[in-house]
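Worksheet: one structure, shown below.
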Amino acid sequence: MVEFIKDNLILNDPMIVGANISILLTVIVLVFVLTYFKKWKWLWTEWITTVDHKRIGIMYIISALLMLFRGGVDALLMRAQLTVPNASFLSSQHYNEIFTTHGTIMILFMAMPFLLGLMNVVVPLQIGARDVAFPYLNNLSFWSFFFGAILFNISFVFGGSPDAGWTNYAPLAIEGSPGPGINYYLLGLQVSGIGTLLTGINFIVTIIKMRAPGMTLLRMPMFSWTTLITSFIIVFAFPILTVTLAMMTFDRLFGTHFFTLTAGGNPMLWANFFWLWGHPEVYIVVLPAFGIFSEVIATFSRKTLFGHKSMIISLVVISGLSFLVWVHHFYTMGGSANVNNIFSITTMAIAIPTGIKIFNWLGTLYKARIQFTAAMMWALAFIPTFVIGGVTGVMLGMAAADFQYHNTYFLIAHFHYTLIAGVVFACFAGFVYWYPKMFGHKMNEPIGKWAFWFFTIGFNVCFLPQFLLGFAGMPRRVYTYLPEDGWTALNVVSTIGAVGMGIGFVIIVYNVYYSLRHSKMETTGDSWNGRTLEWATATAVPPHYNFPVTPVVKDVDAFWQMKQEGTANKKDIEYEPIHMPNNTGTPFVMSIFFFIAGFGLVFEIWWMAILGIAGSFGCMIFRSLRSHVYDKGYYVSVEEIKRLEQPFHKEA
Amino acid sequence: MFKNYKTWLIIMLSLVSLIVITVLGFQADLIVLDPKGPVGEIQKDLIMYSIYFMLAILVVVYVLFTYMVIKYRDHKNVDSKNYKPDMHGSVKLEIIWTAIPVIIVIALAIPNAKALYDLKQPPASTAGKEPIVIHATAADWKWIFSYPEENIETVNYVNVPEDHPILFKITAADSMASFWVPQIGGQIYGMPGMVNELYLQVDEPGEYKGRNSNFTGEGMTHQQFNMVALDEDSYQSWVKETQENAPKLDETTYEKLMLPDNVGEMTFSSTHLDFVDHGIDATYAMHIREKYGVEIKGVKITTEEYKQVSNNGSHSNH
C-alpha cells in the first residue's frame, strides 16, 4: 500500500508539489470551517442529498467554475511556455499532459456542467414545473459527473495525467502511452458520462411531459427549446462515447484489439467513433448557449425574440446536421475526393441555419430598447466574435483548403472563437442573468463590466494572432519552436491576451464575493423585468416547490403577457398542499462506488474495481427494493406555502 | 452605463491591439499564403477566394450590428416610433437571409470540389513528366524517405528536382503522423498498414521546412525534415553520388530507427523496402520495440499474435 502510494504520488515536479500542498491546505481549511461552524449536517441534508433542481444546478455551476480555474491555469501555463522560442519552462511531456487536460476539462468538466447547471436552475422554472421528471436521477447525474471529474483531476498529482490529447487518438493512446494517465481519461469520462446521459433522458421527459398548461411546444421559451434538442443529441451521442471508451479500456486492460496496431485492430476506427460523438458534443455545448443568448437578448432588448419559429427550425436542422459532419475532423486521413466533397458540403451547410440565428438576433435588436447590462454585454459581444468563429469554420469545412489548416493554429483559433465566444460568453451571460434567481441578489454591475472588458479584449488579443500563426505554418500541440520560424511576435501578443482573460476571470470570482457582501437582496422574483416564467415566482430565489400554483400560459413570453394583462401578481390564491420528492443519499454513495471502481480499474487493482462495481449495483438494488415502500415523497402544507410566499403578499 | 472616457479607452485599446496584430501578421512569414508549388497554389487560391466571401459576410454583420446597437440603445429621448416590442419576425427577411447563405455555400462548394479532384491528379503544369515516386514513412519521431527507383534512402531530409511532379506514398511505422510541407502543399496522414498518396511539386529551388503536424507524443515537436529542391542536374548528380558513396542500409541500423527518438539526417544507398513495407505490415515497429525491450504498456502483445498477423498481412491496403 505504502509502496503503491510512493510509486504514484508525483513529487519530482515543484509545480505539482505546490498543487499537492495547496489542495491539502484547501481540504484542511474546508474540513475545519465545516466542523467549526457545525455545517456538516447542513451540507448533507441541504446540498449533498438534495433533489431540488435549483440546488443541483448551483452545485454544477460551482464545480464548473472550479474546473474553469483548473483549465485556465493549464491554458496560462501553455501560453507561458509558448511565449518565446526554445523556452524550457515546461518539458515536452509536461506540456503534453497540460494541453490534454486543458482540452478535456474545458469541454467535459467545464462547458458541459456549466450549461447543465444553468439548465437545471432554469428549465423547470421556465416551463412552469415543480422539479425535473426524475429528481432522484438528477442527484445521481450530478454526483456521477462530480466524481468522474475528481477521478480525472487527481491524475496530475497521483500517477500522471493523460498525455494523448483530448482526442486521445489510437494507437498513441494505447501503444504509445504507458502509465495510468490514459486510464484516468477513459474511466473519468466514463463515470461522468453516466451523469450526462441521465441528464439528457431527464430533460427530455421533463420538457415533454411537465410543461405548464397552455405551453404548447411552439410557446416554449428558446432556452427550454435548446435544452430539449440538446438532450436529444446527448441521448443519441453519449452512448457512442460510452461504448468507445469501454472498447479502449478493454484494449488497455484486458488485451482486446479494437483500436490497436497489432492483431488486426484498427486505430482509424477510434477517430471515427470519437468524432461521431465528438462533433455532436460541440453542438451539445453550443446549442444551450444559443438559448441563453436568445433569452438575454430578448429581455434586454425589451422585445420578443425575432423569428421564434425559424429559430426552432434552424435548431432542429443544426442538430440533424451535427451527426453528418464528423469526417471533417480527418479529411487528411486520405478519404477519396467524393467522401471529402460530401462532408465539405454537409459541414458548410451548417452555416445556413446558424446564419439564420445570427440574423434573427440582429432582428431582435432592430427597433428595440437595448439596455447595456453586464449580461447583455456578454450576449452582444457574442455576435461579432462568434461570426469570426463561424466564417472560419466554413473555411475549415472546405476540404481542399483544410489540408493546409488541419492541425494548425488556424484551427485552434477557430474553435476557441466558437467555444469561448459561443459557450463561455453564454455561461457568463447566463450566470449574471440568472444570478439573482440562484442567490437572491444581483452581481455588481460595474465590476461585472470590468470583467467583461478584460475578458473579451483579452480573448481577441489572444486568439486573433493565432489565425495568422496558422498561416505562418505553426502546428498545434508543439511544445516549443525556433526563433527562425518567425512566430515569436504573434505568440507574445497571444500570451498578453491570455493574461487579460485570466484577469477577467479573477474579477468575476471577486465579484461573487463582493456581491455577496454588498449587493441588495432582491425583493421580487422579477429582477430584470423578465419575459419568461422563471421570473414569475414570488420570491427572488423560488421555494423548493417553485410555484405555489401552476401558472397558465397564453403566449411565447408567458410572464410578459401576464404583466401586460395585469394577471401576474394575483393576490387571493387558494393554495393546496404540494407533493414533493424526498431527499436521497443513495446517489452520492453510489457515485463514490463508481469512483472506487474507476480508480481500481485505472491502476488495475482488481479487488477495488470489483468492490466498486458491486457497491454501485448494490445501491441500485437497494433503491429498487426501497422506492415503492418508502420514497413516496411528502406534502408541503398550505401554512408553509403561505409562509414562504409571504414577501409577495407583503408587497402586494 | 459607463462614462464617456471609458468608452474611448476601450475603443482605443481595441484598435491599438488590432493594429499591432495586423502589423505583426504582415511581418510574419505567412508561408501558407506564399506557396512555391502548384499544389500549394491551388490551396492558396481557394483560401483567398473563401476569405473574400468571409470578409464580405463579416462586413455585413458588423455594419448591421453597429447600426442596431447605436441606433436602438435605450436612452432618454427614445422615439416611440423606433420601439416595436411585439415585432415577431418577418417571413420575407427570413427567406432572404436563408437564401443568401445557400448561395454562398454553393459558390464555395463548387471550387472546393474542383480542387479536391485536381489534388488527386499529378500537377497539370508538368503533365508530360513521369512523377518520381518517394515513400515517406513516419516513425516516432523522424521521417524516412525511400526512393525505390533510385534505391536511395534518406532520413529527415528529402531531395527533389524542381519543376518535377513527385508522388509521395505516405505511411507510418507506429503512430498516426501527418506529412506537411506548408509552403509546397497541404498535408496528409501516414498510418501504419496503409498508404496515402500525395502529389507535390516544387517550382523554385530552395529548402522548405516540412514536419509531422499530428501529435504523436514527446518528440513530435522535433519531427521535422527539410525538403530540398535542386535543379534537375544537381539532383541527378546527387542521386549518382549517393548511390556510389552512401552506405547500405542494414537491418540493425533500420531497427534502431524504429525506437522512439529524434535523430539527425542520414543517407543510405539502399531502402528499407527490401525488408519491410509499413504500408502492409502495421506491427513491425512494435515487434522491434519488444525485441529491444522498449516498454509498450497499455497493450499486451505476444510474439504469437505478431506472427499470425504478419503471416496473414491482415491490414488492407488503402
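Bear in mind that the values in this text are calculations on the coordinates, not laboratory data. The model shown is predicted, which means the values in this text are computed figures rather than measured ones. Note that each Cβ is placed from the backbone with ideal geometry, even for glycine, and that neighbours are counted across all protein chains shown.
The angle between the Cα long axis of helix A:351-365 and the longest principal axis of the Cα atoms of chain A comes to about 40 degrees, rounded to the nearest 10. Under 5 Å between amide H atoms, partner at least 5 residues away or on a different chain: which partners does A:Gly334 have, H built in plane at 1.01 Å? Residues meeting the criterion, in which the H sits 1.01 Å from N, are B:Tyr189. Computed about its Cα centre, the charge dipole of segment A:456-543 is approximately 100 debye, with only Lys, Arg, Asp and Glu carrying charge at their Cβ. In chain B, the DSSP beta bridges split such that about 70 percent are antiparallel, to the nearest 5.
For chain A, relative contact order (Cα pairs under 8 Å, six or more residues apart, normalised by length) works out to 16 percent. Considering only B:Ala109, B:Ser14, B:His135, and ranking their Cα positions along the charge dipole of segment B:1-157 that arises from unit charges at the beta-carbon of Lys, Arg, Asp and Glu, the one farthest toward the positive end is B:Ser14. Extent along the principal axes, Cα only, for segment A:341-383: 45, 20, 8 Å, with the longest axis given first.
Along segment A:398-407 the Karplus relation, 6.51 cos²θ - 1.76 cosθ + 1.60 evaluated at θ = phi - 60°, assigns HN-Hα couplings of 7, 4, 4, 7, 4, 4, 8, 8, 3, 6 Hz to successive residues, with x for each Gly and Pro. Once the chain from A:Ile62 to A:Met620 is taken as fully extended at 0.36 nm per residue, the excess over their C-alpha distance is 198.1 nm. With a cut-off of 20 Å on the backbone N, the residues of segment A:105-137 near the modelled label site 7 Å out from A:Ala87 along Cα-Cβ are A:106. Annotation: amide H-H contacts under 5 Å for A:His441 (H modelled 1.01 Å from N, sequence separation of 5 or more, or interchain): A:Glu522. A protection proxy built from the mean count of other Cβ atoms within 10 Å ranks the segments A:493-506, A:381-394, most packed first, as A:381-394, A:493-506. Using the Cα coordinates of segment B:93-135, the gyration tensor eigenvalues translate into equivalent-ellipsoid semi-axes of 39, 9, 4 Å, sorted from longest to shortest. Charge dipole (Cα centre; +1 on Lys/Arg Cβ, -1 on Asp/Glu Cβ; no other charges) of chain A amounts to roughly 1580 debye. Both numbers refer to the Cα atoms of segment A:42-171; Rg and Dmax are 17.7, 58 Å. Relative to the 2.2 N^0.38 Å rule of thumb, segment B:73-218 has a C-alpha radius of gyration ratio of 1.74.
Note on chain A: Cα Rg divided by 2.2 N^0.38 Å, N the number of residues, gives 0.96. Set the Cα radius of gyration of segment A:407-447 against 2.2 N^0.38 Å, with N its number of residues, and you get 1.63. A Förster distance of 56 Å, applied to the separation of the beta-carbon atoms of A:Trp607 and A:Glu639, puts the FRET efficiency at 0.60. Each residue of segment A:262-270 was assigned a 3J(HN,Hα) from its phi angle through the Karplus curve 6.51 cos²θ - 1.76 cosθ + 1.60 (θ = phi - 60°); the sequence is 8, 6, x, x, 10, x, 4, 4, 4 Hz, with glycine and proline shown as x.
Projected over all directions and averaged, the alpha-carbon convex hull of segment B:1-141 occupies 16.3 nm². Stretched out straight at 0.36 nm per residue, the stretch from A:Val31 to A:Lys632 would grow longer than its current Cα-Cα span by 213.0 nm. Taking 0.36 nm per residue of separation and subtracting the Cα-Cα distance, full extension of the segment from B:Asp250 to B:Ser125 would add 41.1 nm. Relative to its Kirkwood radius, the Cα radius of gyration of chain B gives an Rg/Rh of 1.15.
Listed from fewest to most Cβ neighbours within 10 Å, the set A:Cys619, A:Cys462, A:Cys427 follows the order A:Cys619, A:Cys462, A:Cys427. In a solvent-free Debye calculation with one equal scatterer on each Cα, what is log10 I(q)/I(0) for segment A:166-213 at q = 0.28, 0.32, 0.33 Å⁻¹, listed in the order of the q values? For the requested q values the scattering log ratios are -0.98, -1.09, -1.11. Partner shielding of A:472-481 amounts to 6, given as the average count of beta-carbon atoms from other chains within 10 Å of each residue beta-carbon.
About its Cα centre, segment A:508-599 has a charge dipole of approximately 300 debye under the convention of +1 per Lys or Arg Cβ and -1 per Asp or Glu Cβ, with nothing else charged. For segment A:485-554, the direction-averaged projected area of the alpha-carbon convex hull comes to 9.1 nm². Distant-in-sequence amide contacts of A:Thr260, defined by a placed amide H-H separation under 5 Å and a gap of 5 or more residues or a different chain, comprise A:Gly265, A:Asn266.
When the Cα positions of A:Phe203, A:Ala399, A:Val191 are compared along the charge dipole of the protein assembly as shown, A:Phe203 comes out farthest toward the positive end, with charges on each C-beta of Lys, Arg, Asp and Glu. Principal-axis analysis of the Cα atoms of chain A puts helix A:606-627 at an angle of about 20° to the longest axis. With the helix formula -39500 (n - 2.57) applied to DSSP H stretches of n ≥ 4, chain A reaches a computed 222 nm mean residue ellipticity of -22000 deg cm²/dmol. The packing ranking of peptides B:269-277, A:118-126, B:161-169, B:208-216, highest mean first, is A:118-126, B:208-216, B:161-169, B:269-277, where packing means the average number of other beta carbon atoms within 10 angstrom of each residue.
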